[in-house]
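To keep things clear, I will list the structure first and then write my remarks on it.
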Amino acid sequence: MIARRSIARRPIAVALAALGLMASACSKPAAPATDQTITFSVLSAEDQQSMSKWWQPLFDDMGKATGLTIKPFYASNYTSLVEAMRFKQTQVGWFSALPALEAVNRADGQVLGRILTNGSTGSYNSVLITKKGSGITLDDVLKCGKKLNFGLGDAKSTSGTLAPTAYLFTPKNIEPANCFKTVRTASHQSNFFSVANGLLDVSTNNTVGMMFYARENTAAASKVQVIWTSPDLPESAILVRKDMDPATREKIRAFFLSYGHAPGAEGDHQREVLKGLTYTGFLAADNSYLDPIRQMQAASDLGEAKHSGNAQKIAEAQKTFDAIEAEMAVKTPANAPVTPALPAKAP
């Protein structure tokens, strides 16, 4: 449906991503001078100053606990995150689920742990937002009358693009480019303020972002309302490179799994740092944590193939989708919760 992967395939996009990695000292992670120096990447989804404000205390604590020197790298987009790990410019990173899957597939990434945002819940949701008082409903969005200005997230964003594609647009055979008056791709923050200020009629976002905006800009948040919420999505993950020294990996793993659980004043401090990030802690995880994303991506690819009308592409996408569904059925115990079914086989 949405041409999210075609954007990533374009040579000019790859070239621009490469240039982005070299643009400045803060956007070009230096190769580690020794095994004791780790470059940690974070998506600067809001703005770098805001992200540094909340992440640097965690990096400081990480350095003290592990004895490692932690150098931050605030990437401006998901492609930069993946490419930096792929070319060994970063060794650890915070990834939302879809780019985490790409880092596993293309950049020798390995899931070390997952983030908790609400007690013991390791999930969040994609949402559609509109301005309060606009009168716009989900039915208006799905009418495809080419009257609305619509905002999508980064092409590799789980909540900004993949989830609404897999759970909302694909099942209804909707191609946003043919549905709305205009479609703009931007960061969650940019889309949020565009809706709040009436520059966009509707856009994607996510529940974690909405909590952040409610805290940081209550005036703008009061102007926005949610009109659609996706099924639960796997929260972001902490990834490390597969070739990291095992002892170093264990230091990092132990730090995240224990963070927020220290006794006394130290524990209070850690929980305040997590609160600033809108997190409540971390849990151990491996690459199987991203299986629901594989399902959503396969469903989205199938919908995209069906929209193209190419019989060969449809057959290949259907084969991949069926194989992943069968694999997940084997992995999932009969009494375990499963990802909500994706009606990608619908015509």
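How about the range 233-257: which of its residues are farther than 22 Å from T161 by Cβ, in contact (Cβ under 8 Å) with a residue 12 or more places away in the chain and of a type in the set (D, E)?
D243, D245
Can you tell me which residue in the range 119-159 is surrounded by the most Cβ atoms within 10 Å (Cβ to Cβ), limited to those that are under 24 Å from A284 (Cα atoms) and β-branched (V, I, T)?
Only one residue tops the list, namely T158.
Where the second residue is hydrophobic (A, V, I, L, M, F, W, C) and assigned to a strand (DSSP E or B) and the first is on the phi < 0 side of the Ramachandran plot and without any contact (Cβ under 8 Å) to a residue 24 or more places away in the chain and lies in the range 52-75, which pairs have Cβ atoms under 7 Å and are six or more apart or on separate chains?
Filtered contacts from the range 52-75: F59/F40; F59/I70; G63/I70.
Answer yes or no: is there a residue in the range 131-150 that is within 22 Å of Q297 (Cα to Cα) and outside the structural domain of V273 (by TED's automatic domain parsing).
Within the range 131-150, one or more residues are within 22 Å of Q297 (Cα to Cα) and outside the structural domain of V273 (by TED's automatic domain parsing).
Go through the range 256-300 residue by residue and tally those that are aromatic (F, W, Y) and under 17 Å from the mean Cα position of the chain (by Cα).
The number of residues fulfilling the criteria is 3.
How many residues does the range 171-189 contain that are at pLDDT 95 or above, over 22 Å from the mean Cα position of the chain (by Cα) and β-branched (V, I, T)?
Of the residues in the range 171-189, 1 are at pLDDT 95 or above, over 22 Å from the mean Cα position of the chain (by Cα) and β-branched (V, I, T).
Output the residues belonging to the range 115-142 that are at negative phi and at pLDDT below 95.
I115, L116, T117, N118, S120, T121, G122, S123, Y124, N125
Determine, yes or no, whether L168 is within 22 Å of the chain's Cα centre (by Cα) and either modelled with pLDDT under 95 or small (G, A, S) (or both).
In short, yes.
Modelled with pLDDT under 90, outside the structural domain of R106 (by TED's automatic domain parsing) and assigned to a loop (DSSP other than H, G, I, E, B) - does that describe any residue in the range 273-288?
For the range 273-288, residues modelled with pLDDT under 90, outside the structural domain of R106 (by TED's automatic domain parsing) and assigned to a loop (DSSP other than H, G, I, E, B): absent.
Which condition from (1) in a strand (DSSP E or B); (2) surrounded by 17 or more Cβ atoms within 10 Å (Cβ to Cβ) is the one that F256 breaks?
(1)
Being under 18 Å from N191 (Cβ atoms) and of a type in the set (G, A, S) is the filter here; which residues of the range 155-179 pass it?
A155, S157, S159, G160, A163, A177
Give me the residue from the range 198-216 that is more than 14 Å from T278 (Cβ to Cβ) and either of a type outside the set (V, I, T) or outside the structural domain of A166 (by TED's automatic domain parsing) (or both) and, out of that set, surrounded by the fewest Cβ atoms within 10 Å (Cβ to Cβ).
G198
Out of (1) among the hydroxyl-bearing types (S, T, Y); (2) closer than 23 Å to D139 by Cβ; (3) in contact with a Lys or Arg (Cβ under 9 Å, 6 or more places away or on another chain), what's the single condition that is false for S230?
Status for S230: all satisfied but (3).
If the Cβ limit is 7 Å and pairs must be 6+ apart or interchain, which residue in the range 159-184 that is within 14 Å of P231 (Cα to Cα) and assigned by TED's automatic domain parsing to the domain that holds V202 pairs with which residue that is aromatic (F, W, Y) and surrounded by fewer than 24 Cβ atoms within 10 Å (Cβ to Cβ)?
L168/W228
Looking at the range 51-89, which of the residues that are surrounded by 17 or more Cβ atoms within 10 Å (Cβ to Cβ) and assigned to a strand (DSSP E or B) is nearest to the chain's Cα centre (by Cα)?
A75
Is it true that some residue in the range 152-162 is among the small types (G, A, S), under 17 Å from the mean Cα position of the chain (by Cα) and in a strand (DSSP E or B)?
Within the range 152-162, not a single residue is among the small types (G, A, S), under 17 Å from the mean Cα position of the chain (by Cα) and in a strand (DSSP E or B).
Give the range 207-255 a look and list any residue that's under 15 Å from the mean Cα position of the chain (by Cα), under 24 Å from M62 (Cα atoms) and among the hydroxyl-bearing types (S, T, Y), or say none.
If the condition is that a residue be under 15 Å from the mean Cα position of the chain (by Cα), under 24 Å from M62 (Cα atoms) and among the hydroxyl-bearing types (S, T, Y), then S236 is the only one that fits.
The values are calculated or read from the model by the stated rules, or taken from the named source; none is laboratory data. Just so it is clear, the model here is predicted, and its values are computed rather than measured. Every residue, glycine as well, gets a Cβ built from its backbone with ideal geometry; the counts of neighbours run over all protein chains shown.
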